[in-house]
Amino acid sequence: MILRHDYGTPIPTGAVVREVPASTAPFPGVTVEAGDGLCLRVSLSPDDIIWGLGETVRGINKRGHLYRSWNSDEFSHREDRASLYGSHNFVIFSGPEKLFGLFIDDPGLITWDLAFTHENEAVITLPELGQSVYYLTGASPAELCRQLRELTGPSYLPPKWAFGYIQSRWGYASAEDARRVVKNHRERHIPLDGLSMDIDYMDGYRDFTWDEALIPDLAALSAELKETHVRLVPIIDAGIKQEPGFGVYDEGHEKDCFVRKADGEEFSAGVWPGLSAFPDFLRPEVRAWFGEKYQRLIRCGVEGFWNDMNEPALFYTPEKLAELREQAAALLEKDAPLPEWEKLKQPSSELPNNMEDYRRFYHRLQGKTYRHDRVHNIYGSHMTQAAAESFAAFRPDHRYLLFARASSIGAHRYGGVWQGDNSSWWSHLGLNLRMMPSLSMAGFLYTGADIGGFSCDTTGDLLLRWLEVALFSPLMRNHSALGTREQEAYRFERWEDMRNILTVRYALIPYIYSEFMQAALGNGLLFRPLGFDYPEDDTARRVEDQVLFGHGVMLAPVLEQNARGRHVYLPEDMLLIRFRSGEDFDLEALEAGHHWVEAQLNEVPVFVRRGSVLPLAAPAESVDELNFTDLTPVGWVDSGAELRTPWYDDDGVSTHPSLAENLRQISIRAEGDTVEAYCPGLTLHTDCLMVE
Ligand code: GLC
């Protein structure tokens with residue numbers, strides 16, 4: 001059941017698609033104080049867990065830290081940060097006496113003190129009124145997530161090829177770079193489906209252009225790479241170079257598409273191309289104008305994009321720069337004992353993403369004007385919406401790949417997200433894994449982190465373990481920053497192990513796709529905390545480094561440097577599949593309880609519940625070449641029982657696939673030495689089933 005309260009006049013964020021009438025019935029377990037702002041308090045028993053908040057730092061259980069909904073350009077995001085790139089205002093309180101969810105539909109700042117100040121209290125504060133708060137109750141946490149999705153709409157559907165491996169690097173600039181990277185993968189038989197193009201492909205970082213000296217014929221390049229089953233995935237940034245004579249800018253300026261300051265002047269801030277103007281994505285006509293621009297690249301055969309810098313990130317504004325110059329000059333003149341460099345350090349650190357700058361410009365939304373800071377968190381989502389609406393208009397029957405950096409709930413209908421600028425740190429492996437269930441809860445099923453780490457130099461062992469961690473992530477992209485060690489798999493001594501792990505991924509793609517589509521079309525979860533399925537098992541509820549995936553799979557990858565295995569908690573009997581490649585793995589039946597599981601650097605342990613199966617395809621080097629109908633289910637099957645598991649497949653590109661029409665059942669029956677597996681349209685091999 002969903003209850004809605006309105007406080008003030010709610011700002012239309014676009015997050016909700018199903019009308020729930022406002023009510024005055026109390027929210028049991030929540031104390032609400034509404035004045036100038038809003039404060040929600042929940043008292044916690046020692047055993048209560050708080051799940052949710054999507055893309056944030058720290059644990060799967062969010063209890064014990066202070067978080068802020070404020071989309072932030074957090075380069076090298078660290079554990080002490082309160083915000084990352086997305087604001088996903090949904091939490092679930094779960095404990096012996098409680099189970100409810102809160103979704104706060106507000107586009108501005110929210111502070112979540114989740115037992116940070118007081119051990120046994122959660123306090124959620126919003127500085128201003130103008131929001132709807134939804135209170136969700138149901139039989140299970142998964143049911144609450146389903147309700148959220150019914151309220152906010154279904155998750156975005158990527159094309160099938162987008163489940164393949166994508167190689168990326170800030171620095172690939174030319175057609176030659178693209179060809180070289182693809183060739184290096186293909187020559188070594190390292191699977192590959194996509195090549196991300198970062199800002200360097202553009203002409204002077206101008207959106208919707210490319211440098212024709214470096215890429216003389218984009219359409220020819222795209223066609224040539226598609227011949228080898230690789231698609232280009234260019235980046236598009238939020239800011240448009242503010243340069244008279246640049247067609248996109250001139251047009252946007254003439255059509256009044258950019259945000260303005262209080263005095264009516266066009267707002268400008270420095271980002272990659274230098275001073276830039278920012279489209280007011282909150283207006284439908286601006287979305288239509290900006291969205292249409294993607295078609296220039298689509299007409300060259302591009303089928304996927306990543307939207308970046310859409311918090312929006314602001315490196316500086318001319319106003320702030322002038323203020324800081326004055327401040328610095330005053331400091332330098334002061335006869336303080338500080339050395340010069342120290343005096344200048346503070347002012348320069350205030351330059352990027354300054355809150356005062358976010359208060360300098362305005363948006364128009366459904367006939368009203370809002371200062372940016374009041375609607376900050378929905379800016380990026382509306383950029384994603386602009387792209388998605390344009391794709392749908394251009395080719396309504398075709399799925400495009402789209403993922404973005406900044407997001408809020410609502411954007412999950414239009415695209416996926418990547419988890420932003422992480423670092424080549426072992427701690428960020430764990431963070432990657434922990435964000436997967438939280439993002440699933442918020443509706444973002446198509447997600448993943450920069451494999452290998454974005455900033456800092458990666459190492460061969462870290463990259464290999466990261467590929468293992470990302471084995472089931474729908475978005476599986478290796479991306480790194482300019483100036484860091486080059487981190488394509490083929491650069492490392494262990495490249496063959498990396499290739500082998502990627503063959504596991506490709507063997508799994510039919511299963512991952514089947515689970516993804518069932519979750520997306522059925523408003524279900526792809527990744528879940530263990531506590532969702534084992535509510536009575538307090539050990540499982542508190543596990544932070546294992547997650548559930550789809551029907552029947554539990555992931556417990558190795559997250560520590562130099563470790564040759566790890567401790568795993570099994571809430572029930574499971575089959576351990578220790579993968580070395582898509583065709584080389586061993587099976588071990590394990591009973592419920594605590595285990596030390598060996599996993600050498602080139603091995604990844606995957607667990608399948610007794611009575612479930614993991615159907616594998618023969619590995620291929622691209623999704624196009626995978627055979628989705630010839631599968632080998634791997635699992636632990638009870639003799640005498642019939643195992644049934646739902647199986648989904650479709651053409652991988654149609655925009656409105658039917659769950660009912662594309663869902664089949666795999667059924668497996670084992671009796672003594674005879675094992676029979678059946679599913680209409682599939683050839684199933686039974687030699688990797690363990691019968692007991
Ligand atoms: C931002 C993005 C990163 C990209 C870089 C250059 O930092 O998060 O992925 O490589 O900009 O475009």
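Is it true that some residue in segment 441-462 is part of a helix (DSSP H, G or I) and closer than 30 Å to Pro154 by Cβ?
Yes, some residue in segment 441-462 is part of a helix (DSSP H, G or I) and closer than 30 Å to Pro154 by Cβ.
Give the number of residues within segment 169-213 that are more than 16 Å from the ligand (Cβ to nearest atom), buried (at least 17 other Cβ atoms within 10 Å of the Cβ), in a loop (DSSP other than H, G, I, E, B) and of a type in the set (A, V, I, L, M).
Looking only at that region, the number is 2.
Identify, please: which residue in segment 416-433 is away from the ligand (no atom under 15 Å from the Cβ) and surrounded by 21 or more Cβ atoms within 10 Å (Cβ to Cβ) and is, among those, farthest from Phe103 (Cα to Cα)?
Checking each candidate, the answer is Leu429.
Which one is surrounded by the fewest Cβ atoms within 10 Å (Cβ to Cβ), of the residues in segment 214-269 that are among the β-branched types (Val, Ile, Thr) and not in a helix (DSSP H, G or I)?
From segment 214-269, those among the β-branched types (Val, Ile, Thr) are 215, 228, 230, 233, 235-236, 240, 248, 259; that's our starting set.
From what is left, the residues that are not in a helix (DSSP H, G or I) are 215, 228, 230, 233, 235-236, 240, 259.
Details: Ile215: 23, Thr228: 15, Val230: 28, Val233: 24, Ile235: 22, Ile236: 23, Ile240: 25, Val259: 24.
Taking the candidates together, the pick is Thr228.
Among the numbered criteria (1) more than 16 Å from the ligand (Cβ to nearest atom); (2) farther than 30 Å from Leu682 by Cα; (3) hydrophobic (A, V, I, L, M, F, W, C), which single criterion is violated by Ala404?
(1)
Hey, can you tell me all the residues within segment 66-104 that are surrounded by fewer than 20 Cβ atoms within 10 Å (Cβ to Cβ), under 24 Å from Ile378 (Cβ atoms) and more than 16 Å from the ligand (Cβ to nearest atom)?
Selection gives Leu66, Arg68, Ala82.
Can you confirm whether segment 314-328 contains a residue that is under 28 Å from Ser174 (Cα atoms), within 16 Å of the ligand (Cβ to nearest atom) and either crowded, with 23+ Cβ neighbours inside 10 Å or modelled with pLDDT of 95 or more (or both)?
yes
So that you can scan it fast, the table gives a plain yes or no per residue for (1) more than 28 Å from Ala540 (Cα to Cα); (2) under 25 Å from the mean Cα position of the chain (by Cα); (3) surrounded by fewer than 21 Cβ atoms within 10 Å (Cβ to Cβ):
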| position | (1), (2), (3) |
| --- | --- |
| Met554 | no, yes, no |
| Arg564 | no, no, yes |
| Tyr569 | no, no, yes |
| Met574 | no, no, no |
| Asp586 | no, no, yes |
| Glu591 | no, no, yes |
| Ala599 | no, no, no |
| Asn627 | yes, no, yes |
| Asp650 | yes, yes, yes |
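Being touching a residue at least 60 places away in the same chain (Cβ under 8 Å), more than 15 Å from the ligand (Cβ to nearest atom), crowded, with 23+ Cβ neighbours inside 10 Å and among the small types (Gly, Ala, Ser), is that true of even one residue in segment 371-385?
Within segment 371-385, one or more residues are touching a residue at least 60 places away in the same chain (Cβ under 8 Å), more than 15 Å from the ligand (Cβ to nearest atom), crowded, with 23+ Cβ neighbours inside 10 Å and among the small types (Gly, Ala, Ser).
Counting only residues that are in a strand (DSSP E or B) and free of Cβ contacts under 8 Å to residues at least 60 places away in the same chain, which one in segment 33-68 is farthest from Pro437 (Cα to Cα)? Quick ask: steps written out before the conclusion?
The first filter runs over segment 33-68 and keeps only residues in a strand (DSSP E or B), leaving 33-34, 38-43, 49-52, 61, 65-68.
Right, trim to free of Cβ contacts under 8 Å to residues at least 60 places away in the same chain and you get 33, 65-68.
Details: Glu33: 31, His65: 18, Leu66: 19, Tyr67: 17, Arg68: 19 Å.
Restricting to residues being in a strand (DSSP E or B) and free of Cβ contacts under 8 Å to residues at least 60 places away in the same chain, the top hit is Glu33.
Would a scan of segment 457-470 turn up a residue that is away from the ligand (no atom under 13 Å from the Cβ), within 24 Å of Pro234 (Cα to Cα) and in contact (Cβ under 8 Å) with a residue 40 or more places away in the chain?
no
Yes/no per residue for (1) touching a His at 6+ places or on another chain (Cβ under 8 Å); (2) more than 16 Å from the ligand (Cβ to nearest atom); (3) closer than 20 Å to Met197 by Cβ:
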{"site": "Val233", "(1), (2), (3)": "no, no, yes"}
{"site": "Ile240", "(1), (2), (3)": "no, no, yes"}
{"site": "Glu251", "(1), (2), (3)": "no, yes, no"}
{"site": "Lys255", "(1), (2), (3)": "no, yes, no"}
{"site": "Phe258", "(1), (2), (3)": "no, yes, no"}
{"site": "Ala262", "(1), (2), (3)": "no, yes, no"}
{"site": "Ser268", "(1), (2), (3)": "no, yes, no"}
{"site": "Ala277", "(1), (2), (3)": "yes, yes, no"}
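Val543 is checked against (1) part of a loop (DSSP other than H, G, I, E, B); (2) within 16 Å of the ligand (Cβ to nearest atom); (3) touching a strand residue (DSSP E or B) at 6+ places or on another chain (Cβ under 7 Å) and fails just one. What number does that condition carry?
Of everything listed in (1) part of a loop (DSSP other than H, G, I, E, B); (2) within 16 Å of the ligand (Cβ to nearest atom); (3) touching a strand residue (DSSP E or B) at 6+ places or on another chain (Cβ under 7 Å), Val543 misses just condition (2).
So which pairs qualify, if the first residue must be in segment 506-519 and in a helix (DSSP H, G or I), the second must be at pLDDT below 95 and not hydrophobic (A, V, I, L, M, F, W, C), the Cβ gap must be under 7 Å, and the two must be at least 6 apart or on different chains?
Listed by first residue and then by second, the contacts come to Tyr506/Pro619; Ala507/Pro619; Glu515/His551.
Condition check ((1) among the charged types (D, E, K, R); (2) at positive phi; (3) in contact (Cβ under 8 Å) with a residue 40 or more places away in the chain; (4) out of contact with any strand residue (DSSP E or B) (no Cβ under 9 Å at 6 or more places or on another chain)) across all residues:
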site: Glu598; (1), (2), (3), (4): yes, no, no, no
site: Pro619; (1), (2), (3), (4): no, no, yes, yes
site: Val623; (1), (2), (3), (4): no, no, yes, yes
site: Leu659; (1), (2), (3), (4): no, no, yes, no
site: Asn662; (1), (2), (3), (4): no, no, yes, no
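Which pairs have Cβ atoms under 7 Å, sit 6 or more apart or on different chains, and link a residue in segment 160-178 that is within 16 Å of Arg491 (Cβ to Cβ) and in contact (Cβ under 8 Å) with a residue 24 or more places away in the chain to one that is assigned to a helix (DSSP H, G or I) and within 12 Å of the ligand (Cβ to nearest atom)?
Pairs that qualify, where the first residue is within 16 Å of Arg491 (Cβ to Cβ) and in contact (Cβ under 8 Å) with a residue 24 or more places away in the chain and the partner is assigned to a helix (DSSP H, G or I) and within 12 Å of the ligand (Cβ to nearest atom), are Gly171/Asp200; Tyr172/Asp200.
When you check Leu482 against the structure, is it within 16 Å of the ligand (Cβ to nearest atom), among the aliphatic types (A, V, I, L, M) and either free of Cβ contacts under 8 Å to residues at least 12 places away in the same chain or out of contact with any strand residue (DSSP E or B) (no Cβ under 6 Å at 6 or more places or on another chain) (or both), yes or no?
Here the answer is yes, as Leu482 does meet what is asked.
The values are calculated or read from the model by the stated rules, or taken from the named source; none is laboratory data. Note that the structure is a prediction, hence the values are computed from the model and not measured. Here the Cβ is made from the backbone with ideal geometry for all residues, glycine too, and neighbour counts use every protein chain on show.
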